[in-house]
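The values are calculated or read from the model by the stated rules, or taken from the named source; none is laboratory data. Predicted model, so just to flag it, every value in this text is computed and none were measured. A quick note on method: Cβ atoms are made from the backbone with ideal geometry, for glycine too, and the neighbour counts reach across all protein chains shown. Remember, those area values only see protein heavy atoms, side chains included, never the ligands or the DNA or RNA. Shrake-Rupley method; radii C 1.70, N 1.55, O 1.52, S 1.80 Å.
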Amino acid sequence: MSLQNPERETSGVSPHATNFIRNIIDEDLATGKHQSVVTRFPPEPNGYLHIGHAKSICLNFGLARDYQGRCHLRFDDTNPEKEELEYIQAIERDVRWLGFDWGEHKYHASDYFEQLYAYAEELIRRDKAYVDDASAEDIRLRRGTLTEPGQDSPFRNRSVEENLDLFRRMRSGEFPDGSRVLRAKIDMAHPNMVMRDPTLYRIRRQTHPHTGDKWVIYPMYDFTHCLSDSIEGITHSLCTLEFENNRPLYDWVLDELELECHPQQIEFARLNLESTIVSKRKLLQLVREEHVSGWDDPRMPTLAGMRRRGYTPESIRLFAERIGISKAETWIPFSVFEEAVRDDLNPKAPRVMGVLRPLRVVIENYPEGQVEEFEAPYFPDDPPRMGSRKVPFSRVLYIEQEDFMEVPVPKFFRLAPGREVRLRRAYIIKCVGVVKDEAGQVVELRCTYDPDSRGGDPKDGRKIKGTLHWVSEEHSLQAEVRLYDRLFAHDRPGTTEGVDFLQELNPDSLVTLQHSRVEKSLEQVTPGQRFQFERQGYFSVDPDTTPGRPVFNRIVTLKDTWARIMKGAK
């Protein structure tokens, strides 16, 4: 049969769970402040999207969906020094993969450069902006501190005419990079340092991925963002808490220009996920210094990496729903994310058998050359759903190395000398001998089987505590299995003063097994398919797969093993 992974939505929570942002929107619609809801997702194209962005994407596009409004995708491309077409294309791909579409509403902040320039000239004409010749260092020194007011620039009181002339000459390329900036004229003694005459424009000769070499001056984020929102008719401008101090500047620009559309900026807590870094600068460092294989390394928290690892978009949306939206900064345990992944994959991933670290088993009383087949459903709890496959059984098998102990510890119910175990859906076997290599390592087990236990149940009713998964040596495939785990061993990497976040990398975040064995039924798998390896976890087929040589990525274990691992490390 052609095995296809079934698509099935699993939310586990109400799709309309209330939060303070929904309460604001509900009131705005009830009072007639707005007739519809227009949100936006405004990524800066200087890196790949990560799990933190996913929370914002789900929020903005989800609100637009639930209120029958619209959500814009707008690239905040005001810094050409760090922006690339590669990132723009990756962002579009990731948003679509996550399950959202902007339709005809894709924009670039650079689309508005001419209009933004006109707004800047209008502020100059209103004596609310001026050209400053001071160096960046001098501007910084004059800004003051949290307890001391700043000092006016010596260029602050230029005439409107002089400022207009200088600003136009800045645009024409007359001055070198960094020699002048346009600043808002607000209040150098303002208690909010963001309001102490912030920079609105700077000179920067850099080819822009969207506008080329048309511009040599570029607007700053705080000036661009509020005006872009206004131009697009955004009703609710949602951003994370680090922009709370910038809200007065957002409002000041729109108020001073007396624009009819004045969106409301609303802040919410960003996603802090344990064992994860979401700083673009640090993620870029991981890539450039080759601590990972690239932006799509399955250990990375980027959506590209999560997609390659095998996480589903549904599981990420489910996680976003479960953690909710609030103003309180909290750290979310990584186990909460993993649980959402398991809950999503459980009804989707067909069950198969794969032996990660094979130990050879020879069943001495099983006839040589004989092969039996056992019917094994892909979904044991719902066999009719996707049918089943035939699993061959023969004289020579493989089981997991960890399923055998020569000297078993207490409560070890798997295979040991003289002990019986059940092979899943097959027979009961008993270990009668052990073969070791020259170094004393166990390389093969000699066993016998009970012919009357077909299906795994003894006829005499004796109790068999252990049940093992297995594959036939002759009828299995060699596979490469990549066991991915958390990239960082520290719960909150990058937060310990004096400690380089690179020192907190988990040395066991990737273990590659070259000689794993999987069922023959997986011979024709294609990249992206997902399976549950019984007793092992959920796995996906990696793009590195070649005909007859599948490569599997571990998505997540069947239960949270991290707490046990970390407890043992202490």
Report summary line: Heavy-atom accessible area per residue of the chain, all protein chains kept, 1.4 Å probe, expressed in Å², is 45 Å²
Report summary line: Cα-Cα longer than 21 Å, checked against Lys390/Lys520; Lys106/Lys327; Lys82/Lys282; Lys55/Lys280; Lys82/Lys214, kept in input order, equals Lys106/Lys327
Requested in this report: Return the long-range amide H neighbours of Val471 (sequence gap of 5 or more, or a different chain), with a cut-off of under 5 Å between placed amide H atoms.
Outcome: Tyr398
Report summary line: Calculated from DSSP helices alone, with each H run of at least 4 adding -39500 (n - 2.57) and the total divided by the residues of the chain, [θ]222 nm to the nearest 500 comes to -7500 deg cm²/dmol
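Pairs of alpha-carbon atoms within less than 8 angstrom and 6+ residues apart define the contacts here; what relative contact order does the chain have, in percent?
Values: 1085 pairs, mean separation 68.8, N = 570.
Taking the mean separation of contacting Cα pairs over the length of the chain, I get 12 percent.
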Report summary line: Dividing the alpha-carbon radius of gyration of the stretch 181-257 by 2.2 N^0.38 Å, where N counts its residues, gives 1.20
Query raised in the report: Spin-label point model (7 Å from Cα, Cβ direction): what's the Arg96 to Arg549 distance in nm?
Result: 3.2 nm
Query - Gain upon complete extension [Glu402, Asp381; 0.36 nm per residue less C-alpha separation] - result: 4.9 nm
Query raised in the report: Regarding the stretch 288-405, what whole-number volume in Å³ per residue does the convex hull of its Cα atoms give?
Result: 202 Å³
Requested in this report: Calculate, for Ala17 and Ser279, the FRET efficiency according to 1/(1 + (r/R0)^6) with r their C-beta to C-beta distance and R0 25 Å; round to the nearest 0.05.
Outcome: 0.30
Report task. Could you tally up the Lys pairs in the stretch 398-477 with alpha carbons closer than 21 Å? Skip any pair fewer than 8 positions apart unless they're on separate chains. Result -> 6
Query raised in the report: Distance in nm between label sites at Lys390 and Arg205, each 7 Å beyond Cα in the beta-carbon direction?
Result: 7.4 nm
Requested in this report: Wrap a convex hull around the Cα atoms of the stretch 469-560, take a quarter of its surface area, and give that in square nanometres.
Outcome: 6.9 nm²
Query raised in the report: How are the C-alpha pair distances of the stretch 73-223 spread across 10 Å bins, as whole percents from the shortest bin up?
Result: 11, 35, 30, 17, 7, 0
Report summary line: Distance in nm between Val362 and Glu104 label points, each 7 Å along Cα→Cβ, equals 7.4 nm
Query raised in the report: What list of ³J(HN,Hα) couplings, whole Hz, do you get for the stretch 76-83 from phi and the Karplus terms 6.51, -1.76, 1.60, once you set θ to phi - 60° and write x for glycine and proline?
Result: 7, 9, 9, 10, x, 4, 10, 9
Query raised in the report: What do you get for Rg/Rh over the chain if you use C-alpha atoms and the Kirkwood form of Rh?
Result: 1.10
Query raised in the report: Running Debye on the stretch 190-323 with equal point scatterers at the Cα sites and no solvent, what base-10 log of I(q)/I(0) appears at q = 0.13, 0.20, 0.22 Å⁻¹?
Result: -0.86, -1.17, -1.20
Requested in this report: May I ask you to evaluate 6.51 cos²θ - 1.76 cosθ + 1.60, the Karplus curve with θ = phi - 60°, for each residue of the stretch 215-225 and list the ³J(HN,Hα) values in order in whole Hz, giving x for glycine and proline?
Outcome: 10, 10, 10, 10, x, 7, 4, 4, 6, 6, 5
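For Cα pairs less than 8 Å apart in space and 6+ apart in sequence, what is the mean separation divided by the residue count of the stretch 26-74, i.e. the relative contact order in percent?
Values: 47 pairs, mean separation 24.4, N = 49.
Computed over the stretch 26-74, the figure is 50 percent.
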Report task. For the chain, give the percent of accessible area contributed by carbon and sulfur heavy atoms, probe 1.4 Å, rounded to a whole number. Result -> 47 percent
Requested in this report: State the Cα centre-to-centre distance between the stretch 167-220 and the stretch 26-45 in whole Å.
Outcome: 30 Å
Report task. Bin width 5 Å, alpha-carbon pairs only: give the P(r) of the stretch 55-159 as whole percents, running from 0 to the bin holding the largest distance. Result -> 2, 9, 13, 13, 13, 12, 11, 11, 11, 5, 0
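Using R₀ = 45 Å, calculate the FRET efficiency as 1/(1 + (r/R₀)^6) where r is the Cβ-Cβ separation of Thr496 and Thr147; round to 0.05.
0.95
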Query - FRET efficiency estimate (nearest 0.05) - Cβ-Cβ, Val511 to Glu473, R0 30 angstrom - result: 0.80
Report task. Inverting the mean 1/r over all pairs of different Cα atoms, compute the Kirkwood radius of the stretch 8-103 and quote it in Å. Result -> 14.8 Å
Requested in this report: Express in nm, to one decimal, how much length is gained between Asp251 and His291 on full extension, taking 0.36 nm for each residue of separation and deducting their alpha carbon distance.
Outcome: 10.2 nm
Query raised in the report: Over the alpha carbons of the stretch 407-554, what is the largest minus smallest coordinate on each principal axis, giving the biggest first in Å?
Result: 64, 40, 36
